[in-house]
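A short worksheet on the structure shown next.
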Amino acid sequence: MRELPPAVRPVVDFLNTVDVEDGTDVFGDGPEALADWLVEKRLCHSRPSVTAADVQAAIDLRRGLRGLALANTGEPVDPEDVRAAQEVLAALPLTLRLPAGTDAAKDGPDLDASGGSFSKALGRIAAAYFAAYAGGDWSRVRRCPAHDCAWVFWDSSKNASRRWCSMRVCGNRAKARAFTERRATRPP
């Protein structure tokens, strides 16, 4: 069983800011809610200034990354979702800074965002996605294919074959629906 790498946690947390089953969206409460969430998840050190356009950018990035997580269960990706996320990334004023000085070996690279702390926070989420992909961990980030759930989870199974967020809930629902459909199509 593989544990969720800490570097991937920001992406999974970001993708689960919408809960389809409960009908809630952290960002749906506006700029203040997004700013609070960024501080709570330590993506910003202080409360950033967030606008309605920033909220839309976060939603578009989330939508694209959630689509890519769904693709990890073999479902098709909506190209419009990915395009919207790509536009957000293209607009972020980010520069990757290499470490310098005596602590360069332990400091590592950093993102410099001329657009402020909000841009840097979205950049950190994007960087976590790219690092997960490059490190081979992204394929274990999955979105439950149940349309009434859509929770994003980490596939901790040994052979990376988990499809549902919970076999007990979503998996059983899918099996029950398939069984009912098979019985309905059988001749009497």
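The values are calculated or read from the model by the stated rules, or taken from the named source; none is laboratory data. Treat the numbers as computed from the prediction; the structure is a model and nothing was measured. Every residue, glycine as well, gets a Cβ built from its backbone with ideal geometry; the counts of neighbours run over all protein chains shown. Only protein heavy atoms, including side chains, enter the accessible area calculation; ligands, DNA and RNA are left aside. Shrake-Rupley method; radii C 1.70, N 1.55, O 1.52, S 1.80 Å.
Using a cutoff of 8 angstrom between alpha carbon atoms and counting only pairs six or more residues apart, the relative contact order for the chain works out to 24 percent.
When the helices of the chain are scored as -39500 (n - 2.57) per DSSP H run of n ≥ 4 and the total is divided over every residue, the value at 222 nm lands at -14500 deg cm²/dmol.
Stretched out straight at 0.36 nm per residue, the stretch from Ala100 to Ala160 would grow longer than its current Cα-Cα span by 17.8 nm. An ellipsoid equivalent to region 7-57, defined through the eigenvalues of its Cα gyration tensor, has semi-axes of 17, 15, 9 Å when rounded to whole angstrom and sorted largest first.
Give, in nm to one decimal, the length gained when the segment between Ala134 and Ser49 is fully stretched (0.36 nm per residue of separation minus the Cα-Cα distance).
Taking Ala134 through Ser49 to full extension adds about 27.5 nm, to one decimal.
Under 5 Å from the amide H of Asp19 lie the amide H atoms of Thr24, Asp25, Val26, each residue being 5 or more positions distant or on a separate chain, with H modelled from the backbone and absent for Pro and chain starts.
Ranking request for peptides 34-44, 2-12: highest mean number of other beta-carbon atoms within 10 Å first, then the rest in descending order.
34-44, 2-12
Leu70 exposes around 20 Å² of accessible area when a 1.4 Å probe is run over every protein chain in place. Legend: residues Asp22, Asp148, sorted from most to least accessible area (1.4 Å probe; ligands, DNA and RNA excluded), read Asp22, Asp148.
Rule-of-thumb check for region 23-83: C-alpha Rg over 2.2 N^0.38 Å?
Values: Rg = 13.4 Å, N = 61, 2.2 N^0.38 = 10.5 Å.
Compared with the compact-globule rule of thumb, region 23-83 sits at 1.27.
Explain nothing, just the number: dipole magnitude of the chain about its Cα centre with +1 on each Lys and Arg Cβ and -1 on each Asp and Glu Cβ, in debye rounded to the nearest 20.
Numbers: 26 positive and 25 negative charges, 241 e Å.
Computed about the Cα centre, the dipole is about 1160 debye.
Taking the alpha carbon gyration tensor of region 6-156, multiplying each eigenvalue by 5 and rooting it gives semi-axes of 25, 19, 14 Å, largest first.
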